Structure formats: C-alpha cells, structure tokens
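The next block holds one structure in the form of structure tokens; read it before the comments.
The values are calculated or read from the model by the stated rules, or taken from the named source; none is laboratory data. All figures in this text were calculated on a predicted structure; none of them were measured in a lab. No Cβ is skipped: glycine too gets one built from the backbone with ideal geometry, and neighbour counts run over all protein chains shown. These area figures cover heavy atoms from the full protein model, side chains too; ligands, DNA and RNA do not enter into them. Shrake-Rupley method; radii C 1.70, N 1.55, O 1.52, S 1.80 Å.
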Amino acid sequence: MDFKKLTKPYQKQLLKSIKELVMIPSIYDAETVSSTKPYGKYVDDALTKFASLGRRNGFKVERNKRYVELSYGNKGPVIGIFAHLDVVPVNDTKLFKVRVEKNKLIGRGVADDKGPLLAATYAAIALKEKGLIKNAQVKIFAGGDEERGSSCLTSYAKTHKAPTYGFTPDSAFPVVYGEKGSTGIVMKKNINLKNIVSIKGGKAPNIVIGEATFKVTNINAIKNKLKVPHKIKGDEITFIGVSAHGSTPELGKNAFLLGLQELAKLNHDQVALNIAKTFLDSKGHKLGAYYQTKNLGETTFSVGLVNYQNHQLTLAIDCRRPENTKHEIIKKKLLKSFNFTLVKENHHDPLLFNVKSPLVSLLMDAYQKETGDYKNKPMFSGGGTYAKEIGNTVAFGAEGVNKNYHMHQDDEFIPINDLFMLMSVYAHAIYNLMNAKK
C-alpha cells in the first residue's frame, strides 16, 4: 500500500490545523485554574479545539477536563496514540503564531507536540476514510499536562486500560525501545553567597536554565571582569546561556551555573564555586552518582530552576538514570552533596522493551519502508514520555534521526517535508499494528 499517496490529500488540512492549534498559548496558567480547568484557560481551550477537530472528522470524542480521547472502531485490538497539547513557557508570545521560513514551520508546539499529534491524527483520518480501520480500535489521547508531570495520563489510566499496542510521537526516530528512569528533586539550603543578594532563573524543572538574574552588592567592582555572556541593569546581572531539554544538558549552557561559577571566582567564594563545578558536571561524577549500562547509557543531571532569597538557596534538579540505579540512591547523593534539605520529589522507573518485540519490530518496519532508512537501529532515550505512564507503549518519532528541532527553545521548528513524512509513517504504523498477527 502507498501510504504517502494515502495521506497526501490531507497535507493542507494538517498545516491549517497546526497553525490554528499553535495560536492557542496552551501553557499552564495558575491564574485561571478552576475545578473544571485544572491547567487553566489556555490548555482547556486547546483541548476544546482538538475535541472539535475529532467530532468534525467522525470520531467518538471523550472530552475530559484533563484530556481528550478520539476513538474509532468498537472491537478488536486497541491501537493507542498518546500525545500532548500543553507546551513549555515562551520568552516571546510571537511564538504562538506559526511562521514559515525556508520550508520550515516555526512556533511553540510545532514539534513538541502539536504537530506530531496532528500528523498522527490525520494519518488515522486517512485510514478511516478509506475504510482501512477494520476489526480494530484506534484511540488518540491528547493530554494537557505532559510538560508538568503527566497528571493528565495518570488520570486517564485510572479508568482506561493500556492499549494492545501504543506509541507516542513525542521523542525521536527510529523507535525508542527504552527510556531512562527519572528523579526530580527540589532541595534547599541556608547559605551566604558572597556579594549576592538574590538569584532567580529557569522556566521548568526539565529545561536547562537559559537565563539567570543575580542581584549583587559589588556591581561596579566586577562588571568589567565578567566573561560569561550577560546584560546588566542597575545592580542586576542577567547571565545568558543556552536552553536545552533536561535529558540532554550537554546540549545546553546553564546560565545559573556559569554565572555562579563566574561570580564565585571573582568573589573568592569557594563554597559557591564547589556547588557550580559539581552541577556543571552533568554526568554526576562529582556527585559520586555516575552510572552507566549498555541498554540505557549514562546518568545525566540538570539544574532547571533556581531561587536564592534571604540566604536560602533552592534548586530543582532533573536526573535521568539507567536501570542499574534507584531513585532513593540518587536522592541521597543529591541531598548529601552540600547538606541540602528535601522540599519535594518525584520519580519514574526506567522503561525497557526487547528490541525484537512485536511492537518495536512493527514500528521499525513502518519507519524503514516510509523513510528508506535501514541503517539506523532502535535506540534509548533520556527523555521521559507518556510511554512510562501507560503499558504496551513506546516513543516513536517525531524528531528525525540526527536532527534537532530545538524543542523547548525559542526557535522550535519542524520542516514541512518532515511533517508530511510523519503522516505516512504513522499511517503505515497504525496499519501494521492493526493487522499484527495474533
């Protein structure tokens, strides 16, 4: 079957839907949270918009306050697709209007995860309208809280069974057979940082800090000695780094840690310098918390949020860990490092599938035949996806092999040709899973 030909008629509709959905600034908004809108007005608006798309295209729609599920078919194996409508915060609200440059869509959510969600949805629509969904059920879940901990899918899983086969288009190709475990720690410590009054930085625990603002008492003495990129306003220094996903801190430059290291050297503050150097080692060697396995690789550590007020330093740490270590071990090492006190914690166990399992094999088949890429093999990821929250599910795309769509960054994009390719890959994948031999 020619899945490119099958999905081509839906390309214009896909682009139109992405532009409409990205225009909704679906960031968690505490000011508009209510009993019926647990993530605020804007996420709720996005859920409503997606539910409307489902109804127009003949799906049965479950509109929950935390998620939307589109479904078609009422018997046979259940094929689940799990994606999300919420997005991470922005520095510029212009990112909520998609712009096209050099055959790329640029805007918050075009790659993570509205674009891939819609590509999978239109793939299912194409199959449905050609009468190819037979003796199977296709269910598309769109959540509203993936970026903050996936409470949406946790709620869904209480009343819905895991699919027969499932995938989430929220990672990378070819197929992600395993995901590292995660440990999230918020910790605090009373400390006197020399010549520093306050520090504030970060947008989310799972994002490398791109900007951090330090209020200092000795601005005139140090302002001409700073080497880290920065801007100065009065007695405040805002250090400029490079944001990246918390699972790949080596791809970013942590503005807080680099700024703290710079000021610690200038202020001759050895304790602050030790803290900066310890967490700049993103693999955890200096914490005594480095672990590695063949299946899931190395540990990573990222500082995602920082606040320093009234001599109290609070840090949010995101750790990704292979299957040979436990959350409690990582937590103990983090707290012990500089005698921090625990504020709160969260964690997920690692996810690991056999690369020869039917699910991985069927998805690989779809990917290979639609892309012609028979070289690259199933992979593991440090990123945590919905696959950890629901059974029989792995991450499958949407980022291309050796490509970086700058997810969670201000220039997030997806090539239009890649987007169209996603439709054919996902249509082929759904078809494969529906027709898997029992």
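Only one of the numbered conditions (1) of a type outside the set (Asp, Glu); (2) free of Cβ contacts under 8 Å to residues at least 12 places away in the same chain; (3) in contact with a Pro (Cβ under 9 Å, 6 or more places away or on another chain) is not met by Val78, and that is (2). Checking each residue in region 365-414 for being charged (D, E, K, R) and open to solvent by less than 10 Å² (accessible area, probe 1.4 Å) picks out only Glu412. The single condition from (1) within 20 Å of Met423 (Cβ to Cβ); (2) in a loop (DSSP other than H, G, I, E, B); (3) open to solvent by 20 Å² or more (accessible area, probe 1.4 Å) that Asp112 fails is (3). Looking across Ala119, Ala136, Ala123, one residue alone is more than 15 Å from Ile18 (Cβ to Cβ), open to solvent by less than 10 Å² (accessible area, probe 1.4 Å), modelled with pLDDT of 95 or more and of a type in the set (Gly, Ala, Ser). It is Ala136. Taking the stated definitions as given, is Tyr374 within 24 Å of Glu179 (Cα to Cα), in contact with an Asp or Glu (Cβ under 8 Å, 6 or more places away or on another chain) and aromatic (Phe, Trp, Tyr)? No, not satisfied. For the residues Lys75, Lys65, the requirement of being open to solvent by 40 Å² or more (accessible area, probe 1.4 Å), touching a helix residue (DSSP H, G or I) at 6+ places or on another chain (Cβ under 9 Å) and assigned to a loop (DSSP other than H, G, I, E, B) singles out Lys65.
Per-residue answers, yes or no, for (1) assigned to a loop (DSSP other than H, G, I, E, B); (2) loosely packed, with under 15 Cβ neighbours inside 10 Å; (3) over 23 Å from the mean Cα position of the chain (by Cα):
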{"position": "Ser302", "(1), (2), (3)": "no, no, no"}
{"position": "Glu323", "(1), (2), (3)": "yes, no, no"}
{"position": "Lys332", "(1), (2), (3)": "no, yes, yes"}
{"position": "Lys344", "(1), (2), (3)": "no, yes, no"}
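Tell me whether region 356-364 contains one or more residues that are in contact (Cβ under 8 Å) with a residue 24 or more places away in the chain, crowded, with 22+ Cβ neighbours inside 10 Å, assigned to a loop (DSSP other than H, G, I, E, B) and not β-branched (Val, Ile, Thr). So far as region 356-364 goes, no, none of its residues is in contact (Cβ under 8 Å) with a residue 24 or more places away in the chain, crowded, with 22+ Cβ neighbours inside 10 Å, assigned to a loop (DSSP other than H, G, I, E, B) and not β-branched (Val, Ile, Thr).
Listed by position, the strands (runs of 3 or more DSSP E) enclosed by region 125-194 that each have at least 2 residues that are out of contact with any Gly (no Cβ under 8 Å at 6 or more places or on another chain) are 137-143, 176-179, 181-190. Taken as a whole, region 16-24 holds at least one residue that is over 22 Å from the mean Cα position of the chain (by Cα), more than 22 Å from Asn206 (Cα to Cα) and either open to solvent by 40 Å² or more (accessible area, probe 1.4 Å) or modelled with pLDDT under 95 (or both).
Exactly one residue out of Ala204, Ala212 is buried (at least 22 other Cβ atoms within 10 Å of the Cβ), at negative phi and not in a helix (DSSP H, G or I), and it is Ala212.
Yes/no per residue for (1) open to solvent by less than 20 Å² (accessible area, probe 1.4 Å); (2) under 29 Å from the mean Cα position of the chain (by Cα); (3) under 26 Å from Met407 (Cα atoms):
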| residue | (1), (2), (3) |
| --- | --- |
| Ser247 | yes, yes, yes |
| Phe256 | yes, yes, yes |
| Gly259 | yes, yes, yes |
| Lys265 | no, no, no |
| Val271 | no, no, no |
| Ile275 | yes, yes, no |
| Lys286 | no, yes, no |
| Ala289 | yes, yes, no |
